[in-house]
1. Sort out which residues of segment 177-195 are part of a helix (DSSP H, G or I), without any contact (Cβ under 8 Å) to a residue 40 or more places away in the chain and more than 34 Å from the chain's Cα centre (by Cα), and write them in order of number.
2. Which numbered condition in (1) hydroxyl-bearing (Ser, Thr, Tyr); (2) open to solvent by 70 Å² or more (accessible area, probe 1.4 Å); (3) over 30 Å from Ala89 (Cα atoms) is the only one that Ser224 fails?
3. If you scan segment 183-211, which residues turn out to be crowded, with 16+ Cβ neighbours inside 10 Å and out of contact with any Gly (no Cβ under 7 Å at 6 or more places or on another chain)?
4. Test Ser125 against the criterion of being out of contact with any Phe, Trp or Tyr (no Cβ under 8 Å at 6 or more places or on another chain), open to solvent by 30 Å² or more (accessible area, probe 1.4 Å) and farther than 23 Å from Arg63 by Cα, and give yes or no.
5. Across segment 66-90, which residue is most open to solvent (accessible area, probe 1.4 Å) among those that are free of Cβ contacts under 8 Å to residues at least 12 places away in the same chain and more than 17 Å from the chain's Cα centre (by Cα)?
6. Within the bounds of segment 102-112, is there any residue that is modelled with pLDDT of 90 or more and under 24 Å from Ala225 (Cβ atoms)?
7. Looking at segment 34-56, is at least one residue open to solvent by 50 Å² or more (accessible area, probe 1.4 Å), modelled with pLDDT of 90 or more and either under 30 Å from Ala205 (Cα atoms) or not acidic (Asp, Glu) (or both)?
Amino acid sequence: MTENDDSHERQGLDWRRLGAEAAAILVSILLAFAIDAAWGMHLDRRREWSYLERLRAEFLENREDLVQDRADRERIIGEFAYILGATAARDEASPREIGTRLRNLGGNFRFYSPTHAVLNEIIASGDLGLFRSGELREALLRYDEEHERLRGVETAEQEIQRNVVVPYLATHLETLPWQSDDDLRLIGVRPAPTQDPRRWLSDPAFQNMILLRWQRARTVQSYSAPVLTQVDRVLAVLDSVLANP
């Protein structure tokens, strides 16, 4: 073997060694990336699980509030319906019954005010994408849409209460004698009524006001039904996801 042949052989051995070292370095880098990605995915799954559990607790609490809200509004709708019926049969109505039904007219108003600290955190941080369940993401977005629609009609109801009902009460109606016993004890007085509350039933402005509030309360109730449907859907999906981690 000549000297040149020996030199070429050593060079070939050097290239193989360098290639092996380069491959080892590349594998190490890829392994490090894989470990980092796996750890990142592990952390994402932990965050997702924490969100899921907290979101479920939040929606359960809000569902209870919404169900109570709907029950109270149904009672309020019944109060307005009774008064509207009494306007057609004023002589048959009981003065005390009318006074009692009207005593809370100024505050007879319900609106859904859920706490959404967890949902707002998820949306604000951009972590909605952490949820692997597309069904859950879609359910949350649908809930948000329905809740926004409900807030719109609730705002209209608030404006009627603030701009129509309260000014009318303050100007026309004698409501103090018909307050609850607890309120009268707090006030420290028990005034006797000087008006027959049935006289209010013959005022067209009063009739229109009650009709307007009755209609608006029923509209809000109809808009809150889809919200409850979406709350139940979110909870159902959450239960399914938590049961199948």
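1. First pass over segment 177-195, keeping only residues part of a helix (DSSP H, G or I): 177-178, 181-187.
Now narrow it down to the ones that are without any contact (Cβ under 8 Å) to a residue 40 or more places away in the chain: 181-187.
Residues satisfying the conditions are Asp181, Leu184, Arg185, Leu186, Ile187.
2. (2)
3. Arg198, Trp200, Leu201, Phe206, Gln207, Met209, Ile210
4. Working: out of contact with any Phe, Trp or Tyr (no Cβ under 8 Å at 6 or more places or on another chain): yes; open to solvent by 30 Å² or more (accessible area, probe 1.4 Å): yes; farther than 23 Å from Arg63 by Cα: yes.
The answer is yes for Ser125.
5. If we filter segment 66-90 for residues that are free of Cβ contacts under 8 Å to residues at least 12 places away in the same chain, which is where we start, we get 68, 71, 75, 78, 85, 88-89.
When the remaining residues are screened for being more than 17 Å from the chain's Cα centre (by Cα), the result is 75, 78, 85, 88-89.
Values: Arg75: 121, Gly78: 35, Gly85: 45, Ala88: 95, Ala89: 33 Å².
So the residue we want is Arg75.
6. Taking segment 102-112 as the starting set, the residues that turn out to be modelled with pLDDT of 90 or more are none.
The answer is no; no qualifying residue exists.
7. The answer is yes; a qualifying residue exists.
Every residue, every condition in (1) in contact (Cβ under 8 Å) with a residue 24 or more places away in the chain; (2) closer than 30 Å to Leu136 by Cα; (3) touching a Cys at 6+ places or on another chain (Cβ under 9 Å); (4) part of a helix (DSSP H, G or I), yes or no:
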| site | (1), (2), (3), (4) |
| --- | --- |
| Gln161 | yes, no, no, yes |
| Leu169 | yes, no, no, yes |
| Arg199 | no, no, no, yes |
| Gln207 | yes, no, no, yes |
| Gln215 | no, no, no, yes |
| Asp232 | yes, yes, no, yes |
| Val237 | yes, yes, no, yes |
| Val241 | yes, yes, no, yes |
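The values are calculated or read from the model by the stated rules, or taken from the named source; none is laboratory data. Quick caveat, the model's predicted, so the values are computed rather than measured. Because the Cβ atoms are built from the backbone with ideal geometry, glycine has one as well, and the counts that use them run over all protein chains shown. To get the accessible areas, we keep the full protein, side chains included, count just its heavy atoms, and leave off ligands, DNA and RNA. Shrake-Rupley method; radii C 1.70, N 1.55, O 1.52, S 1.80 Å.
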